[in-house]
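Bear in mind these aren't lab numbers, they're just calculated from the coordinates by the rules spelled out. For clarity, every value in this text was computed on a predicted model and none was experimentally measured. Please note: Cβ atoms are built from the backbone with ideal geometry, for glycine as well, and neighbour counts cover all protein chains shown.
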Ligand code: SME
C-alpha cells in the first residue's frame with residue numbers, strides 16, 4: 001500500500017465514529033488524493049445501490065440497480081472494477097462529463113456485500129494496483145463499523 005493510503009487507513013481506524021459518520025470522514029480523506037475528483041459510498045439494499053456519504057459534485061445517480069453501470073457491475077460480478085477510460089463503456093452512468101477513469105471496490109463482511117467505494121477521476125487511467133490495494137484496506141475498516 002502507498003504511504004498516502006497507509007496514512008488514510010490509519011486516520012480512519014483511529015476515528016471512533018461508526019456508520020455514516022465514519023464513511024463520510026473516510027471520503028473526505030480520499031478527497032485529498034491527487035485525481036480523486038469524486039469519492040463516494042453506495043450501500044446495497046436488496047438489489048439496489050443507494051448513494052450514501054460522498055464528496056464531490058451532486059449526482060443524479062442516487063439509486064443504481066445491480067447490473068447497471070460500473071457500480072452495478074461490481075456487485076453483479078462480485079469484483080473490483082477499474083476503468084481507464086469510461087468513454088469506451090456501453091454500460092456506463094455518467095455523473096460528470098469530465099470523468100475519465102473510475103474505480104469501484106466492494107465493501108464486504110463475512111461474505112456479504114454491504115456496499116462499495118466508488119471513485120471518479122478526470123485523469124485518464126488514473127487508477128491502478130495502489131488504489132485497489134488502498135481502497136480495499138479502507139473497505140475492510142468501513143465494513144467493521146458499517
Ligand atoms: N459512473 C457510475 C455511476 C456513479 S457516479 O460515477 C457517481 C456507474 O457507471 O455506475
Using Cβ contacts closer than 10 Å as the measure, can you line up 71, 95 from fewest to most? 95, 71
Residues of segment 122-146 with backbone nitrogen within less than 17 Å of a virtual label 7 Å along the Cα-to-Cβ line of residue 113, please, listed as ranges. 136, 139-140, 143
Name the shape class, rounded, prolate or oblate, that the alpha-carbon gyration tensor gives for segment 18-122, where a ≥ b ≥ c are the square roots of its eigenvalues, rounded holds for a/c under 1.5, and otherwise prolate holds if a/b is larger than b/c and oblate otherwise. oblate
Average Cα contact separation per residue, the chain, under 8 Å, 6 or more apart, as relative contact order %: 25
Rounded to the nearest 500 deg cm²/dmol, what is the calculated helix-only ellipticity per residue at 222 nm for the chain, with -39500 (n - 2.57) per DSSP H run of length n ≥ 4? -10500 deg cm²/dmol
